[in-house]
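*Asks:* Dumping the structure here so I can ask a few things about it.
The values are calculated or read from the model by the stated rules, or taken from the named source; none is laboratory data. The structure displayed is predicted, hence computed values, not measured ones. Neighbour counts are summed over all protein chains in view; Cβ atoms, including those assigned to glycine, are modelled from backbone coordinates with ideal geometry. Please note that ligands, DNA and RNA were not included when accessible areas were found on the heavy atoms of the full protein model with its side chains. Shrake-Rupley method; radii C 1.70, N 1.55, O 1.52, S 1.80 Å.
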Amino acid sequence: MTALPALRTRGAAVGAAYAAQGLGYATIVTALPTIKDRVDIGDDAVSMLLLATCLAAALGSVLADVIAVRAGSRLALASGLAAQAVGLLFVSFTASLPVLIVAIALYGVGLGAVDASSNMQGSLLQRHHERPVFGRLYAGYTGAAIVATGVTAAVLATGAPAGLTLVIAAVAQIAIAGWGLRAFDPTRAAHEVDDSAASRPSLPRRAIWAVGAIVFAAFVVDSAVASWSTIYLTDGLRADPGVTPLGYGAYLVAMLAARLGTDPLVRRIGRMRLGIAAVVVAVAGAVLVAAAPFVPAAILGFAAMGVASGALVPIAFSRAGELLPERSDEVIARVNLFNYAGAVAGAVALGLIAAGPSLGPAFLVPAVILAALSPLLRTLRRH
């Protein structure tokens, strides 16, 4: 049994890794307009860079699986944080499009590796604690992302270069990677490299697809609101410029609140009931956005949609780590791939369906996906 002080140190290091991930992602997203001007590229090129980041992240998730099998998720997580940091440093100063593409690809690989391996470490941490921990880990991610947006806004308001925030995020990631090499859990939860396929327990593929589908639906919601809420308030509802960021801001606040409440609610009512409640609230929010073309209603609806991604992602990865504990690293790496499919689908689908005022009803798309996949929520129940 791990000693309590060591377990606390391990928990702090894993929580810091989640926060570093949220800090880095929010920093690079909020710095995109400045990067776009510096490299002199258009919106289409930015969209392609974002798509490339998702594809590179999927590759990073696979890479985390390979490293975890050979050396454990501790090395996978430290390596992913280091890769992100190097990518962020190059993005922070380059004015060359080829260099930017390489830097974004490297950042994306690190992003995917950290997404997968931080959840691997979270699963090991939960196993030692014997109680839910994913809610507070993801709350750290969301809280750091909110802080990063505020820091970027403050830096830009002072006239300082936006690249400064990227450097700060990179330094934080390097520091946590170095700490993590000592503090992350060294346990391997994967098959032995030299064993035969016949001798190892089979991966629970049906359960992986079921839990992965829940992750997919959550990230469709997340990407749809992140990509289109501000555009809808601006172009569709003609909201004042000072009001337009409030849709996504309300979404983030609701997501943070849901994640802070996830662990105690899981202990009280269980993952399945919490998942059902989150889906009902989010679907109601999407219907409100679609049916009531008014700014206050839209902001309230986006906030309600934040409950789904706020609760579903941590409880899905919590369940993924239990499907086959002796191979949980491999299970989580596969479930994590559904993250990027959902992110791409949410960002693309609404733009293909509608624009301007008609964009409101397009938010029913993530609601339909959530409702259609709701029977899979029974997979969240621990047997």
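*Asks:* Considering each of L111, L100, L88 in turn, give the residue that is under 20 Å from S328 (Cα atoms), in a helix (DSSP H, G or I) and in contact (Cβ under 8 Å) with a residue 12 or more places away in the chain.
*Replies:* L111
*Asks:* Tell me the residue from A210, A148, A160, A170 that is among the small types (G, A, S) and more than 23 Å from the chain's Cα centre (by Cα), please.
*Replies:* Sole residue among the options that is among the small types (G, A, S) and more than 23 Å from the chain's Cα centre (by Cα): A160.
*Asks:* Let me ask something additional. Look at A13 and say whether it is at negative phi, touching a Phe, Trp or Tyr at 6+ places or on another chain (Cβ under 7 Å) and either open to solvent by less than 70 Å² (accessible area, probe 1.4 Å) or of a type in the set (A, V, I, L, M) (or both).
*Replies:* yes
*Asks:* Right, something else. Search region 193-207 for residues being open to solvent by 60 Å² or more (accessible area, probe 1.4 Å) and either part of a helix (DSSP H, G or I) or in contact with a Ser or Thr (Cβ under 9 Å, 6 or more places away or on another chain) (or both), and hand back the single one that is nearest to Y107 (Cα to Cα).
*Replies:* Here the answer is R205.
*Asks:* Working carefully through the options A371, A349, find the one that is out of contact with any Asp or Glu (no Cβ under 7 Å at 6 or more places or on another chain) and open to solvent by less than 40 Å² (accessible area, probe 1.4 Å).
*Replies:* It is A349.
*Asks:* Something else now. Pick from region 328-372 the residues that are out of contact with any Gly (no Cβ under 9 Å at 6 or more places or on another chain) and either of a type in the set (V, I, T) or not in a helix (DSSP H, G or I) (or both): which of them is nearest to L50 (Cα to Cα)?
*Replies:* Result: V344.
*Asks:* Show the residue pairs that are 6+ apart or on different chains and have beta-carbon atoms under 6 Å apart, the first residue being within region 173-186 and within 23 Å of A148 (Cβ to Cβ), the second being open to solvent by 30 Å² or more (accessible area, probe 1.4 Å) and at pLDDT 95 or above.
*Replies:* A177/A82; F184/R74
*Asks:* Which pairs do you get when a residue that is under 17 Å from A286 (Cα atoms) and touching a residue at least 40 places away in the same chain (Cβ under 8 Å), found in region 229-252, comes within reach of a residue that is polar (S, T, N, Q) and part of a loop (DSSP other than H, G, I, E, B), reach meaning Cβ atoms under 6 angstrom, with the pair 6+ apart or on two chains?
*Replies:* So the pair list comes out as L233/T244.
*Asks:* Is one or more of the residues making up region 179-188 under 22 Å from the mean Cα position of the chain (by Cα), within 30 Å of I67 (Cβ to Cβ), open to solvent by less than 40 Å² (accessible area, probe 1.4 Å) and of a type outside the set (D, E, K, R)?
*Replies:* Yes, there is a match, as at least one residue in region 179-188 is under 22 Å from the mean Cα position of the chain (by Cα), within 30 Å of I67 (Cβ to Cβ), open to solvent by less than 40 Å² (accessible area, probe 1.4 Å) and of a type outside the set (D, E, K, R).
*Asks:* Further question on the same structure: Do you know which residues across region 152-167 are surrounded by 18 or more Cβ atoms within 10 Å (Cβ to Cβ) and part of a helix (DSSP H, G or I)?
*Replies:* Result: T152, V155, G163, T165, L166.
*Asks:* Does D222 qualify as being buried (at least 21 other Cβ atoms within 10 Å of the Cβ), touching a Ser or Thr at 6+ places or on another chain (Cβ under 6 Å) and under 27 Å from R378 (Cα atoms)?
*Replies:* Yes.
*Asks:* Would you call D115 open to solvent by 60 Å² or more (accessible area, probe 1.4 Å) and either at pLDDT below 90 or not small (G, A, S) (or both)?
*Replies:* No, not satisfied.
*Asks:* Under 6 Å between Cβ atoms, which residue pairs at least 6 apart in sequence (or on different chains) link something in region 310-338 that is closer than 26 Å to V109 by Cβ with a partner that is open to solvent by 10 Å² or more (accessible area, probe 1.4 Å) and aromatic (F, W, Y)?
*Replies:* That search, which allows pairs on different chains as well, returns P314/Y138; F338/F216.
*Asks:* Only one of V281, V287 is free of Cβ contacts under 8 Å to residues at least 60 places away in the same chain, out of contact with any strand residue (DSSP E or B) (no Cβ under 9 Å at 6 or more places or on another chain) and open to solvent by 40 Å² or more (accessible area, probe 1.4 Å); which?
*Replies:* Answer to the check: V281.
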